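Peer 1: Dropping the structure in here first, questions after.
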Amino acid sequence: MIRVAVVDDHPIVRDGIVANLQDAGDIAVAGSAGSAAEALALVVRERPDVVLLDLELPDRSGLDVIAELKAALPELRIVIFSAYGGEERVAAALSRGADSYVLKGTPSDELLATIRSAVTDRPRLGAEVAAQLLRALHTPRRLRITPRESEVLSLLAEGLSNKAIAARLNVAERTVRFHVGEILERLGAESRAQAVAFAKQRGLL
């Protein structure tokens, strides 16, 4: 039996994942957590085989927690389960010790296969994550804009604030701030207005 701990700060999402895992005959849910602090305590207490870890946590970035989880339980396998991919985020997660990376919205059978592969030391990237990485290899680094970043960029062009963008996309405002920062860095822009101008010049809008 594979014991899995689920870490996600959205209760509805977390409960849905737990219910899905419980339907698999070879997986037992070792517990769930909604923050980095809770995740560390859960791993020390329950010693699961796998942690299904979201990177967007309220107290700390999931990227910063990966190494600490591994230090607390060296044999632990970590599967990143995030709404966001992108070459930099995937590479950062894997370089810090994550074993696999899949996106939210991944079909149930693919998620379960990823968890099973993790415990047999076969790292696995979700199909969409792999597709994003392949697209990135054929795109100049400065122009690698993810689908979500493209949505945020379009709303920036409309003059919307972070709060308004968050409401439009039904995401947390801190998530929008993260995307805006990524967009500025990718485009080499110093302001939102400059990012919009550069994006138009490069055919991204």
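The values are calculated or read from the model by the stated rules, or taken from the named source; none is laboratory data. As the structure is a prediction and not an experimental result, all values here were calculated from the model. Every residue, glycine among them, receives a Cβ derived from its backbone with ideal geometry; neighbour counts consider all protein chains shown.
Peer 1: Show me the helices (runs of 4 or more DSSP H) found entirely inside region 121-178 where at least 1 residues are modelled with pLDDT of 70 or more and either among the β-branched types (Val, Ile, Thr) or over 17 Å from the mean Cα position of the chain (by Cα) (or both). Walk me through it before giving the result.
Peer 2: Values: elements: 127-137, 147-157, 162-169.
Because the criterion is at least 1 residues that are modelled with pLDDT of 70 or more and either among the β-branched types (Val, Ile, Thr) or over 17 Å from the mean Cα position of the chain (by Cα) (or both), the helices (runs of 4 or more DSSP H) in region 121-178 that meet it are 147-157, 162-169.
Peer 1: List, please: which pairs have Cβ atoms under 8 Å, are six or more places apart or on different chains, and start with a residue in region 61-76 that is assigned by TED's automatic domain parsing to the domain that holds SER100 and end with one that is loosely packed, with under 13 Cβ neighbours inside 10 Å?
Peer 2: ALA72/VAL44; LEU73/VAL44
Peer 1: For a quick check of your reading: which helices (runs of 4 or more DSSP H) sit entirely within region 1-87 and have at least 3 residues that are modelled with pLDDT of 95 or more, surrounded by 17 or more Cβ atoms within 10 Å (Cβ to Cβ) and in contact with a Ser or Thr (Cβ under 8 Å, 6 or more places away or on another chain)?
Peer 2: Working: elements: 11-22, 36-46, 62-72.
By residue number, no helices (runs of 4 or more DSSP H) qualify.
Peer 1: Within region 179-205, which residues are under 25 Å from the mean Cα position of the chain (by Cα), assigned to a loop (DSSP other than H, G, I, E, B) and either within 11 Å of GLU149 (Cβ to Cβ) or of a type in the set (S, T, N, Q) (or both)?
Peer 2: LEU204
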